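What follows is a short report on a single structure.
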Amino acid sequence: MRTFSLCSRNRLTRGLLSTASFGLAFLMIAAPVRGAFHLWEIREIYTDASGTLQFVEFFTTSGFEQFVGGQQVVVRNVGNTLQNTFTIPSNLSGSTANRSFLLGTAGIDPAGGPAPDFVIPNNFLFANGGSISFFGVNSGSYTALPTDGALSRTWGDGNALNSPQNFAGMGGTVVPEPSTFALFALSGLGVFWMLRRRSRSA
């Protein structure tokens, strides 16, 4: 009968442990990286005075955060008496590292902004302030939003010129059409200028 010396047994044990360690390391490397959705942050929110131009821009530095389908964004007014809920209908496609995605009303694209990745209804955000709860890392309250059509709320940093960006990397600035009142005012100034010019030439 063949017997193993203590030295042979130790060599065999070390060889088996080395093979097992290599196999475990290989499995860890080969295992697929599981994606998530919880590392998105709100970067910018915007509304015009009418509520027909609104957006919420999200941003993340992390990859594999594309599984947002089925997640909800819930907005409440200041007194928590009104609530608007939007359920994201599908996941994002491709890498999410250092990228944005955009919830926006249908009108922001014709008004100069990028096409939203997901379309929210008009007046989804409460312009007088409220709170936003969502699946990411910086849910919370917000004060009354600027409604001049130019400025947006940069989450945590005050107000700045609106600059939304969608998942495709397209950006822009939403510029609302002049109000009816502004058009009347401009036409009135034009008539006044023409009358004054005629009176001077007479």
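Laboratory data are not the source of any read-out in this text; all were calculated from the coordinates shown. Just so you know, these numbers come straight off a predicted model, no measurement behind them. Here Cβ is always computed from backbone atoms with ideal geometry, including for glycine, and neighbour counts include all displayed protein chains.
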For GLN72 and ASN122, what is the calculated FRET efficiency with R₀ set at 25 Å and r taken between the beta-carbons, to the nearest 0.05? 0.85
Please give, to one decimal in nm, the separation of the simple spin-label points placed at SER141 and ALA115, each 7 Å out from Cα toward the Cβ. 3.9
For region 41-180, Kirkwood radius (reciprocal of mean inverse C-alpha pair distance, Å): 14.9
Under 8 Å for C-alpha pairs, at least 6 residues apart: give me the relative contact order for region 41-180, rounded to a whole percent. 29
